[in-house]
Amino acid sequence: MSSDEIAIRLDRVGKCYPLYDRPADRLKQFVLPEINRVLGRGVPRYFREHWALRDVSFEVLRGEQLGIVGRNGAGKSTLLQVICNTLAPTTGTIEVKGRVAALLELGAGFNLQFTGEENLFFNGTVLGLSRAQIEQRYDRILAFADIGDFIHQPVKNYSSGMYMRLAFAIAAHVDPDILVVDEALSVGDEAFQRKCHARIQAIRDDGATILFVSHSAGHVTEVCNRALLIDAGEMLAIGPARPVVSRYQKLLYAPATKVAAIRDSLRNEHLGIAAVNAEHGTDGIVKNPLPDADPAAWDEGMLPQSTVVYSDQGCAVLLPHVQTLDGRRVNVLQPGRDYVYCYRARFDTAAVAVRFGMMIKTVTGVELAGAVSAGQPSPLQHVAAGDEVEVRFAFRAMLAPGTYFLNAGVVGLVGEQEHYLCRHVDAAMFRVMSDPDTLATGLVDLDIRPQIRAIGEGDDAAGV
């Protein structure tokens, strides 16, 4: 592989921070080691080492989009900062070719006393533009930021939204060779966020290399060719985005008692891939896909942490879960297969005109699909106190890879109005695995069947 094709190369990069138990230890470490060296004594150490990154090696090609995923505190931001040269690595080497624009901490380096215009020129210069280049982009940046005459006011008078809009507009118009994005896209209202995403997509389409950190698994799989999984400063997996994100989710939802075992499993898997690539001379770039995801299974660590139970009126939802058609409990589903969402409803008081319901939602709360057990004209007419009802909703997992949540609810007549007798929000959750052969895009697979044929001379194009 030509070195000209590589935009970023990291070789055994590590970043270590000293941790001091007491402020006095910091002073001792600054003074005493040098005195002991002069006196020919052993050099004491008054700190503990914390490795935010350890032995990280990978390469990113020009025009490639690499997603970086990992739990909070995994080392993602530290990794981006050493790539952007705002942090110096403790060990290893880094090669970065081309102009870098980093959307890390938007507005870092702004002078609050300067006007927006003054900060625009100052920040643009810091990002590598000449004054002539900034002047050429000036109108585009202002139009994108959409802050009007406030550009002539000191930024200390800006709202937080205006501050971030100007910072993003400047960074997004540097025309970089490498764009680094660290969860910096929640800027302003929804319309402006969409404009930010469109701008990043335009930069990507112009051939820039993208490094993208996000906790949104769907976003990573949507915009990235490959993904890198990092945890506790160690690179555990790198490869096609969807399989790596699947491994990240497995680690994310693992119970604390099993995290170490899962990390060991992922580490060994990653080392195996690296060995294969080294043998075939791929210069460390992982081109072969990771092994296919496991079949439908139960991941005991994937339990909802956001469950809300509404006050009940003599009814309770019990044991909400998803199972296969043969009764096996699962929460990691294969796309396109049939499953059953089950729960029990226990009635402590008698109820009339009872209906049962369910809803499937995205991580962000978008309601994708739901159902009730009967229409309003034909509910379950009467349930006696002490009865328990098994509720089952069969469904087909025609969903994009990702994580989803399930609601459960029971309604009945209270007086003359239908009310919830009990309701559980985020009662259960499941994950849909990736399918490399799918043709569907978006959140829901409608089983769309594309038909393509060549049009010859004389064919009626309107009839195709």
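Assorted remarks:
- The range 83-104, residues that are farther than 13 Å from Leu127 by Cα and without any contact (Cβ under 8 Å) to a residue 60 or more places away in the chain: Ala88
- Looking only at residues of the range 6-55 that are small (Gly, Ala, Ser) and in a strand (DSSP E or B), we find that the one that is nearest to Ile210 (Cα to Cα) is Ala7.
- Boolean, Tyr420 is under 17 Å from Thr349 (Cβ atoms), assigned by TED's automatic domain parsing to the domain that holds Leu318 and of a type in the set (Ser, Thr, Tyr): yes
- Selected residue (criterion: farthest from Arg54 (Cα to Cα)) from residues of the range 212-238 that are part of a helix (DSSP H, G or I) and of a type in the set (Gly, Ala, Ser): Gly218
- The residues in the range 427-444 that are farther than 19 Å from Arg346 by Cα and in contact with a strand residue (DSSP E or B) (Cβ under 7 Å, 6 or more places away or on another chain) can be counted, and the count is 7.
- Residue match in the range 281-289 (condition: outside any strand (DSSP E or B), at pLDDT below 50 and closer than 20 Å to Gln334 by Cβ): yes
- Meets criteria (touching an Asp or Glu at 6+ places or on another chain (Cβ under 7 Å) and either closer than 26 Å to Gln201 by Cβ or in contact (Cβ under 8 Å) with a residue 40 or more places away in the chain (or both)) for Leu80: yes
- In the range 325-343, the residues that are of a type outside the set (A, V, I, L, M, F, W, C) and either free of Cβ contacts under 8 Å to residues at least 24 places away in the same chain or part of a loop (DSSP other than H, G, I, E, B) (or both): Asp326, Gly327, Arg328, Asn331, Gln334, Pro335, Gly336, Arg337
- Any chance Tyr420 is over 25 Å from Gln334 (Cβ atoms) and hydroxyl-bearing (Ser, Thr, Tyr): yes
- Scan of the range 108-164 for residues that are part of a loop (DSSP other than H, G, I, E, B), farther than 17 Å from Leu179 by Cβ and in contact (Cβ under 8 Å) with a residue 40 or more places away in the chain, ordered by number: Phe110, Asn111, Leu112, Gln113, Phe114, Asp146, Tyr158
- Residue match in the range 166-182 (condition: surrounded by fewer than 21 Cβ atoms within 10 Å (Cβ to Cβ), touching a strand residue (DSSP E or B) at 6+ places or on another chain (Cβ under 7 Å), within 15 Å of His197 (Cα to Cα) and in the same structural domain as Ala227 (by TED's automatic domain parsing)): no
- Complete set of residues in the range 165-183 that are part of a strand (DSSP E or B) and either within 18 Å of Ser130 (Cα to Cα) or not charged (D, E, K, R) (or both): Ile178, Leu179, Val180, Val181
- Residue count for the range 216-270 satisfying the condition of being β-branched (Val, Ile, Thr), under 22 Å from Pro295 (Cβ atoms) and within 11 Å of the chain's Cα centre (by Cα): 2.
- Among residues of the range 179-198 being under 19 Å from the mean Cα position of the chain (by Cα) and of a type in the set (D, E, K, R), the one that is modelled with the lowest pLDDT is Glu190.
- Filtered by the rule that a residue be in a loop (DSSP other than H, G, I, E, B), over 18 Å from the mean Cα position of the chain (by Cα) and surrounded by fewer than 15 Cβ atoms within 10 Å (Cβ to Cβ), the range 56-107 gives Asn85, Thr86, Ala88, Gly98.
- Any hit, the range 338-345, residues being hydroxyl-bearing (Ser, Thr, Tyr), modelled with pLDDT of 95 or more, surrounded by 15 or more Cβ atoms within 10 Å (Cβ to Cβ) and within 14 Å of Gly409 (Cα to Cα): yes
- Verdict on Gln65 being in contact with a Phe, Trp or Tyr (Cβ under 8 Å, 6 or more places away or on another chain), more than 30 Å from Gly207 (Cα to Cα) and among the polar types (S, T, N, Q): no
- Cβ-Cβ under 7 Å pairs, at least 6 apart or on other chains, the range 6-28 side among the hydrophobic types (A, V, I, L, M, F, W, C), far side part of a helix (DSSP H, G or I): Ile8/Ile83; Val13/Val82
- Boolean, Ala440 is modelled with pLDDT under 90 and either closer than 23 Å to Val308 by Cα or surrounded by fewer than 22 Cβ atoms within 10 Å (Cβ to Cβ) (or both): yes
- Residue match in the range 8-18 (condition: at pLDDT below 80 and surrounded by fewer than 17 Cβ atoms within 10 Å (Cβ to Cβ)): no
- Here the range 236-261 is the region considered, the condition is being surrounded by fewer than 18 Cβ atoms within 10 Å (Cβ to Cβ) and among the β-branched types (Val, Ile, Thr), and the residue that is farthest from Thr403 (Cα to Cα) is Thr257.
The values are calculated or read from the model by the stated rules, or taken from the named source; none is laboratory data. Predicted model only: the values in this text are computed from it and were never measured. Cβ: placed from backbone, ideal geometry, glycine included. Neighbour counts: every protein chain shown.
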